[in-house]
1. Tell me the angle of helix 141-150 to the major Cα principal axis of the chain, expressed in degrees between 0 and 90 and rounded to the nearest ten.
2. Take the alpha-carbon centre of the stretch 118-173, take the same for the stretch 18-82, and report the distance between them in whole Å.
3. Fewest Cβ neighbours within 10 Å first, please rank 35, 12, 5 accordingly.
4. If I take R0 = 25 Å and measure r between the Cβ atoms of residue 64 and residue 1 in this structure, what FRET efficiency does the formula 1/(1 + (r/R0)^6) give, to the nearest 0.05?
5. State the label only: which of (1) 16.7, 54; (2) 18.0, 55; (3) 15.6, 46 corresponds to Rg and Dmax of the Cα atoms in Å computed from the shown model?
6. Can you show me the helix-derived [θ] at 222 nm for the chain, built from DSSP H runs with n ≥ 4 at -39,500 (n - 2.57) apiece and divided by the number of residues, rounded to the nearest 500.
7. Can you figure out the FRET efficiency of residue 103 with residue 167, using R₀ = 22 Å and their beta-carbon distance, to the nearest 0.05?
8. If you line up the long axis of helix 73-82 against the longest principal axis of the chain, both from Cα atoms, how many degrees apart are they, to the nearest 10?
């Protein structure tokens, strides 16, 4: 199967998207990404770019894209579980573990969340610590804070000073 890649500037920095020949999203990467054997094609990633730009402009709350992340069965269960966390809300790792049928496995869920290959679209930024702290994020805490502020979970004036100790309000599911 052929894969296509494209990168573009966004309000949260450069994003790179990998899609398969059917247009399904395989990866979303923060920064410029090059993969041997994957061809660059801005047209192939155009639908993904358009929806990401709408989301980042506050014009979209959900994505309507085919997703095809590669991982273990457990990882995919966690990643698809992320799609059940609504725009503007957060869930703790423990809550996500319960939601995907692995109650008590919050550390394993955290590891799977951290390996999410399609960040933003599969909204791992909506997962926080049990005490509401932002914890980690592959794109960095400032980007996680910016995404949560975009969704109204975190005050916009907190974005510039946010770190892993920053807590979100009472929006846990």
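1. That helix lies at roughly 90 degrees to the long axis.
2. First find each Cα centre; the distance between them is then 20 Å.
3. Working: 35 14, 12 18, 5 22.
Ranking 35, 12, 5 by Cβ neighbours within 10 Å, fewest first, gives 35, 12, 5.
4. Details: r = 22 Å, r/R0 = 0.88.
Approximately 0.70, to the nearest 0.05.
5. For Rg and Dmax of the Cα atoms in Å, the calculated option is (3).
6. Values: 5 runs with 51 residues, N = 173.
It comes out at -8500 deg cm²/dmol, rounded to the nearest 500.
7. On the way: r = 24 Å, r/R0 = 1.08.
Taking R0 as 22 Å, the efficiency between residue 103 and residue 167 is 0.40.
8. 70 degrees
Every number here is computed from the coordinates shown, using simple stated rules; none is lab data. Predicted, not measured: the structure shown is a model, and the values here were computed from it. Note: ideal-geometry Cβ built from the backbone for every residue, glycine included; neighbour counts use all protein chains shown.
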